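Working notes, beginning with the structure itself.
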């Protein structure tokens, strides 16, 4: 007789990564192509537990910190936002029942009345006020405060109604509240965290140890650098997760993640390398999820460091890079060549950019005209993922053709992000996901001079005209007027080349073959609210 089990789960994953990895493995084990190591022995399937293998450890479980991939993966399961976006980037209500613009600078939000935090605290207007004000508090020093810096006042109208007063009309405010930075933390936990700060601890220290939200899953435990364990929230306001337990495991090595998927040690693996697609598709026990994205992979310059402060040098290097070579040779075609900084699905993306085309001869001439006929020596920093390393090696060969000799320096992803954010680099590989689906988030934190460093502008690029265009666009309510300003800003950015847009990532994930109803959000979020797993037992 056959027995069938149905499992529905809810979790999420974004692009980008940080944190500590697992203890070092031997080269033989880490690179075993079949994933057959002692920890990868076949195990019995458990219909009541799901495991997700991530490339990196989290940097923080506090929504007001940790804007990296791994952190957002986990927080998506623990917390909720007022609104959310679907696979078409359309807005839907979540903790909010309505979110309306009453005046150009006033937004009123009606909240659900049936929501409690995991610690039993009621979700209401006071909770929203406490969360937003904490994030904007300068003493909190939240790296995602820029998302809501236009909010001047949060007014509690009644128990379940809140108003936001903005400094200026800000068209994408609703989209910003769909960003994970807008996830709601229990006010009781915020109070406990603030007390710890008064006692000398860092902001977020208490929240990071025991996060409390309203999400499908509740935090249970964590082992730093190894795993985070969650359990089902039986009181979730919008149904319930089908799995009783959810574990996020940190598995830095690509092939180890693949091997653990094949043996059912994990049911979902992130950061799937394109080179492993055929391996999983040829295995009847596994499959690959592939979805278009709103994300960008790019080659970046530190524009404050000579000679990369010279736009002609940057343009010459941009001319030497063969993007098609990278898309096909590294990504196996699982990417779209980028013409500019915004992916096609993003509102405000221009489809009429005069982009810099590959031309090695012109690149040599331009470099010589800039005074570097004898060439340039520089370091290219990257994280240690296979895709990034392969990309770096291809670019190294491209640039050698014009006398730009780069030394590739690889490091753990968290260290890479931190050091690049501190401006210690010359050249680097990076990525950005336009999580909100709006050009403001794809451009302002990446290119505005107020966003240097960890916020997102890791090129340390400054241009007064771009700043003015981005400032004006975020205040316009007319979509056509916003688009016009964003299109102009994008062309200037392409012309000045603080980065070379390489490709828009095709989001990839490895799944067990019995996982259904799975899709990857354009932001790279792995949406599993409606996922089912059917396990057949003989």
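I'd like the distance separating the alpha-carbon centroids of segment 261-289 and segment 91-118, in whole Å. So the separation of the two Cα centres works out to 39 Å.
Counting pairwise Cα distances across segment 295-505, what percent come out greater than 25 angstrom? Distances greater than 25 Å cover 33 percent of the Cα pairs.
In whole Å, how far is the Cα centre of segment 332-355 from that of segment 465-538? So the two Cα centres are separated by 10 Å. Sorting the segments 507-520, 70-83 by their mean number of nearby beta carbons within 10 angstrom, highest to lowest, gives 70-83, 507-520. Using the average count of surrounding beta-carbon atoms within 10 Å as a protection proxy, the listed peptides 326-334, 283-291, 182-190 rank, highest first, as 182-190, 326-334, 283-291.
What number, rounded to the nearest 500 deg cm²/dmol, is the helix-based mean residue ellipticity at 222 nm of the chain, given -39500 (n - 2.57) per DSSP H run of at least four residues and division by all its residues? Show your work: numbers first, answer last.
Working: 16 runs with 149 residues, N = 538.
Calculated at 222 nm, the ellipticity per residue is -8000 deg cm²/dmol.
Cα-Cα pairs above 26 Å in segment 337-455: how many percent? When all Cα pairs of segment 337-455 are counted, 34 percent exceed 26 Å.
With the simple model of a label 7 Å out from the Cα in the direction of the Cβ, residue 168 to residue 379 spans 3.8 nm.
So between residue 156 and residue 394, what do we pick up on full extension, going 0.36 nm a residue minus the alpha carbon distance?
80.2 nm
Translational diffusion of segment 83-189 was estimated from the Stokes-Einstein equation, with Rh taken as the Kirkwood radius over Cα pairs; at 10 °C and 1.306 mPa s the coefficient is 112 µm²/s. Taking label positions 7 Å along the Cα-Cβ direction at both residue 106 and residue 358, the computed distance is 5.6 nm, reported to one decimal. Measuring spread by the Cα atoms of segment 451-517 yields a radius of gyration and Dmax of 17.4, 53 Å.
Any read-out appearing in this document is the output of simple, stated calculations on the displayed coordinates, not a laboratory observation. Given the structure is predicted, the values throughout are model-derived calculations rather than measurements. When we count neighbours, we look across all protein chains shown, and the Cβ atoms used for this are built from the backbone with ideal geometry, even at glycine.
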